[in-house]
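Engineer: One structure, as structure tokens, below. Some questions next.
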Amino acid sequence: MSFPYTILMIEVTVEQVQKDSLEKEYGAFIVFLTKNEGPLGAPEQLISAFEAQINALKETNDLPEDKKKTSILYSPGLKTKRLGLVGFGEKDEVDLQLIREVSAIIGRKLRDLKSEKIVYIFPEGTSLDSQDIAKAIVEGAILGTYKFTELKTKDKDKFKPITYIGVYSKEDISKGLRWGKVIAESTNLARDLANRPSNIATPTHFVEVAKEYLKKYDNMKIDVLDEKQCKKLGMGAFLAVAKGSDEPAKFLIMEYKGGNPEDKPVVLVGKGVTFDTGGISLKPQSAIVGMKGDCSGAAAVIGAVRVAAELGLPLNVVGLAPLTENMPSGKATKPEDVVYAMNGKSIEIINTDAEGRLILADALCYAERYEPKWVVDLATLTGAIVIALGDQAAGLFSKDDTLRKRLKLAGERSGERLWSMPLFDGYYDQLKSKVADMKNVGGRPAGSATAAAFLSNFAENYPWAHLDIAGIAWVDKSTPLCEEGMTGAGVRVLSELLFDEAKIRNITIE
Ligand code: BES
Ligand code: MG
Ligand code: ZN
């Protein structure tokens, strides 16, 4: 299947608008409210056009001032007929994640009313940084109104996306708007890749999409290793997973050179299992549905590399994605087979469904050639992390305290929460094999920690952290920032970590 099949990501226009926009025709204006203080930053002209209705809401105590409450008002007097109101609750409790969520909630309501162009009124008077607020509004609007519709052939009209987001502000917030747009669209790119079923989003498709999106940057180099090249490099663990599938496996390498040539690169590694059946250790029916999303780590890495390139971050960033299906067949790897990873270590494969750690093992070995400053891998690695943390946070494993702290902070700033998990020595004992250097599973206790301990055997020569995103990669029920389906988890927290690496702690710096 060649690239033109793929529907290119819909780009939203995002811009700051001026006073004259109040006389123009949009689908809606949107105003944020706090308890007792009414609409934040709304110009007089707008308030007076909706005055009678706002007063009526006040009298009935129906103004949606509480967190995440909404109302939509209509005015015959303006060209823009709708005014969306959305509540912040108490002003001193407003944080960036709340802004993202309320922006998303009202954005989705208006999209459902077929408003294609919406204009937010910048909420003045909070203690937060203006560029950060602008970024959060745009992230919320773009993430919250995303819908995966490309495979529908009927009712296309029902799924009209938002095409324009304006933000009315007296202060220059253009950088925040741009950063928000790039991060959210890259997250939606990751969502598209993970939402596409595995008959479409094959390893080859991933490679084609990465090339299509990234080829326009001069300082970007994309390489793809096929199975033969991987064999030459000694990637026996990755190829053991690929063996059972007829779909050719690929090892995707994205090198973005935004820093000085002598700057050590940072490396992002993403698990790219385009479908995980479990292999010969076949998953039961109840566990197999959803496994088209087992490539979410790879999708996030492609998204994060795009963020670095599009924003021109002054860093050298390498993205690595081992891409393969995990299938049972007459050629598939069997339980108790022993294979060698690229660093020569032998692995007894007890369970072919613990395949993510096998493909990551070789990718982590490959990362060594860059002499990286640090390496972070992301993977939908274990069901056990879903049991431990649910959809509230990704598991964060690292013996490097500095990197771990930086990641935790990036998680808080981005709204993608990470929770520190241990790498105790005892977990390594669980992986002892009678015939090889280690087994690929450590039994039921601490399943996420033994998986992380396994990976650390291949990441010994640089600072390293592992994010188990199995619990946050998709949602079964809609949340403010994501309708049911793939979340694009990881793009936002990785972007924030890259900003931190670029010493851009505050987005007002170029
Ligand atoms: N892809 C799964 C992990 C997963 C489970 C992701 C649920 C998202 C939701 C992974 O490859 C896997 O199958 N892990 C096994 C490991 C076990 C065999 C040690 C698991 O978690 O059951
Ligand atoms: Mg194969
Ligand atoms: Zn598996």
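The values are calculated or read from the model by the stated rules, or taken from the named source; none is laboratory data. Predicted model, so just to flag it, every value in this text is computed and none were measured. Glycine also receives a Cβ, built like all others from the backbone with ideal geometry; neighbour counts cover every protein chain displayed.
Engineer: Checking the conditions here, which among Gly356, Gly390 is in the same structural domain as Gly244 (by TED's automatic domain parsing) and within 11 Å of ligand 1 (Cβ to nearest atom)?
Structural biologist: Gly356
Engineer: Considering each residue of the range 397-423, count those that are over 25 Å from Trp179 (Cα atoms) and assigned to a strand (DSSP E or B), and give that number.
Structural biologist: 5
Engineer: Next up: For the range 345-373, how many residues are assigned to a strand (DSSP E or B) and either within 16 Å of ligand 2 (Cβ to nearest atom) or crowded, with 23+ Cβ neighbours inside 10 Å (or both)?
Structural biologist: 2
Engineer: Inspect the range 309-319 for any residue being part of a helix (DSSP H, G or I), surrounded by 18 or more Cβ atoms within 10 Å (Cβ to Cβ) and hydrophobic (A, V, I, L, M, F, W, C) and give the result as yes or no.
Structural biologist: Keep residues of the range 309-319 that are part of a helix (DSSP H, G or I), which gives 309-310.
Still in the running and surrounded by 18 or more Cβ atoms within 10 Å (Cβ to Cβ): 309-310.
Next cut, hydrophobic (A, V, I, L, M, F, W, C) only: 309.
Looking through the range 309-319, at least one residue is part of a helix (DSSP H, G or I), surrounded by 18 or more Cβ atoms within 10 Å (Cβ to Cβ) and hydrophobic (A, V, I, L, M, F, W, C).
Engineer: Report yes if Gly303 is touching a Leu at 6+ places or on another chain (Cβ under 6 Å) and either modelled with pLDDT of 95 or more or within 16 Å of ligand 2 (Cβ to nearest atom) (or both), otherwise no.
Structural biologist: Criteria met by Gly303.
Engineer: Additional query: Being touching a His at 6+ places or on another chain (Cβ under 6 Å) and not hydroxyl-bearing (Ser, Thr, Tyr) narrows it down to one of Leu423, Leu497, Leu455, Leu467, so name that one.
Structural biologist: After ruling out the rest, the residue left standing is Leu455.
Engineer: Within the range 194-257, considering only helices (runs of 4 or more DSSP H) that don't extend past its boundaries, which have at least 3 residues that are over 28 Å from Leu151 (Cα atoms) and of a type in the set (A, V, I, L, M, F, W, C)?
Structural biologist: Where helices (runs of 4 or more DSSP H) fall fully within the range 194-257 and carry at least 3 residues being over 28 Å from Leu151 (Cα atoms) and of a type in the set (A, V, I, L, M, F, W, C), they are 236-242.
Engineer: Shifting gears a bit: Quick one: count up the residues across the range 101-147 that are acidic (Asp, Glu) and in a helix (DSSP H, G or I).
Structural biologist: Of the residues in the range 101-147, the ones acidic (Asp, Glu) are 101, 112, 116, 124, 129, 132, 139.
Going one step further and asking which of them are in a helix (DSSP H, G or I), we end up with 101, 112, 132, 139.
Looking only at that region, the number is 4.
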